[in-house]
Amino acid sequence: MNMNDILLAVLVIFVAPVIGCLYAGIDRKITARLQGRVGPPLLQPYYDVRKLLSKDNLVVNPSQNFYVVVYVAFLILSLLMLVLKADILMIIFVYTVSSIALIVGGMSTGSPYARIGSSREIMAILAYEPILILYALAIYLLTGTFKLSALVNASTPLLMYTPLIFIAMIVVLNIKLKKSPFDYSTSHHGHQELVKGMTTEYSGPGMAGIEIGHFYEYVFLTGLIFVFWAVNPLIGVLISAAAFFLVTLIDNITARVYWQWMLKLSWTLLLAISIVNIAFLYFSGVKIV
Amino acid sequence: MSLAKSPWIIHVNCNSCNGCDIEVVACLTPLYDAERFGVLNIGTPKQADIMVVTGSINYKNVNVLKNIYNQIPDPKVVLAVGACASTGGIFHNCYNVIGGVDQVIPVDAYVPGCCPRPEAILDGVVAALSILENKKKGNIKGKEVKLKGKEVPSNA
């Protein structure tokens, strides 16, 4: 690690939540406008976090907030690894640890709503994890390495050879950001699911931690979309912004589904198109480096 | 000012006739859009700041109300919406009714009316915000309301 990397790491830790906060604010604003409302101010997520930090901290068990710390720490770590162009497979594993921490935190509170939310989140992990692995595999097949640094110097963007995986990744984004129609483990904004799902028993600073984690998660997940066009950062940012807008749009035009429906969608259609894409890459033997 | 910009409410229905509840829900619709003040109708008391109570208190739901009140972290305010929640309303002399919300838990603001218009409810929420700020500044904590075993009328 040289001086530049350390600078970049510090920048990511402090700038990413700001970008994530703006993302969340824009999301709420777009949602309000699509429903014909004025909507909250752009900085509303920031006000929410500041308010939550000033509230009392009620916990049902002492370890509950520790899991929030693990959740945020591993999210920061996975985001750092993404920015430092590390091993994509390792990034996905580190990212999974953060999701698991939130699930264990929900389970540890013992509230029936949190338990149902947590077990539904496990179902969500079951649904999106195979697609993330195939996404990593596609990068490996195209560059001969799992290292993301190879993609930056690629001759053509990743998206040219992985359009089907890109479609699957948009749905993964939807599942991971807990947007409608997949917002059944916990949900943001006004719409509730089983009181508040996984986060039912969190209050004050603990909930603020989860919100900050969500900010990092917004940036991390749009970063995964950015990888599809990493050769030109400007187009990459445009594509990830477009993907983000699409997810918000889907959030507003669809109703919540059963978790079975999501498993069926991801394990049949999404997995099938991803495998077709992988098979094409494998048999044609194209390389982009 | 941090609290006043993002008041999250929890709506508790204590045997209300649904008239006030419909009006509370109307506040969240595009026409009145409570979210422009940062108001969210949150499901869990652990994340709420303002407790919006509709309906009068009776011996069946008094413990539920106290329990939800105790679970809201400080600082918190209670908003009694409607005639029933304020005084007991048309049910005030019923054999099973204790009365308004203030008979059981401390109430900070009242929104009278049967049922109150959405504008009045929003006005009540905005009025509650300054009380919320004062409570934070003065570090005023809500006292824990003790649950009783079986609530029965005193003359029973």
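Does A:M207 meet the test of being over 22 Å from A:L246 (Cα atoms), assigned to a helix (DSSP H, G or I) and at the interface with chain B (Cβ under 9 Å from one of its Cβ atoms)?
So A:M207 fits the description; yes.
With respect to B:D49, is the statement that it is surrounded by fewer than 23 Cβ atoms within 10 Å (Cβ to Cβ), within 14 Å of another protein chain (Cβ to nearest Cβ), among the acidic types (D, E) and within 15 Å of B:D108 (Cα to Cα) true?
no
Which members of the stretch A:52-61 meet the condition of being in a loop (DSSP other than H, G, I, E, B) and within 11 Å of another protein chain (Cβ to nearest Cβ)? Outline the logic, then answer.
Kept after step one, since they are in a loop (DSSP other than H, G, I, E, B), are these residues of the stretch A:52-61: A:55-61.
Matches in the stretch A:52-61: A:K55, A:D56, A:N57, A:L58, A:V59, A:V60.
Scanning the stretch A:76-113 for residues that are among the hydroxyl-bearing types (S, T, Y) and more than 14 Å from every other protein chain (Cβ to nearest Cβ), which turns out surrounded by the fewest Cβ atoms within 10 Å (Cβ to Cβ)? Reasoning before the result, please.
First, the residues of the stretch A:76-113 that are among the hydroxyl-bearing types (S, T, Y): A:78, A:95-96, A:98-99, A:108-109, A:111, A:113.
Now drop any that are not more than 14 Å from every other protein chain (Cβ to nearest Cβ), which leaves A:78, A:95-96, A:98-99, A:108.
Working: A:S78: 25, A:Y95: 24, A:T96: 16, A:S98: 22, A:S99: 20, A:S108: 19.
So, considering only residues that are among the hydroxyl-bearing types (S, T, Y) and more than 14 Å from every other protein chain (Cβ to nearest Cβ), the one surrounded by the fewest Cβ atoms within 10 Å (Cβ to Cβ) is A:T96.
Tell me, yes or no, whether the stretch A:62-75 has at least one residue that is away from chain B (no Cβ under 14 Å), buried (at least 21 other Cβ atoms within 10 Å of the Cβ), within 21 Å of the chain's Cα centre (by Cα) and of a type in the set (A, V, I, L, M).
Checking the stretch A:62-75: at least one residue is away from chain B (no Cβ under 14 Å), buried (at least 21 other Cβ atoms within 10 Å of the Cβ), within 21 Å of the chain's Cα centre (by Cα) and of a type in the set (A, V, I, L, M).
Can you pull out the residues in the stretch A:27-49 that are crowded, with 16+ Cβ neighbours inside 10 Å, in a helix (DSSP H, G or I) and without any contact (Cβ under 8 Å) to a residue 60 or more places away in the chain?
Matches in the stretch A:27-49: A:K29, A:A32, A:Q44, A:Y46, A:Y47.
Among (1) modelled with pLDDT of 90 or more; (2) more than 14 Å from the chain's Cα centre (by Cα), where does A:A230 come up short?
Looking at each condition in turn, A:A230 falls short on (1).
The values are calculated or read from the model by the stated rules, or taken from the named source; none is laboratory data. Everything numeric in this text was worked out from a predicted model, so none of it was measured. Virtual Cβ from ideal backbone geometry, glycine too; neighbours counted across all protein chains shown.
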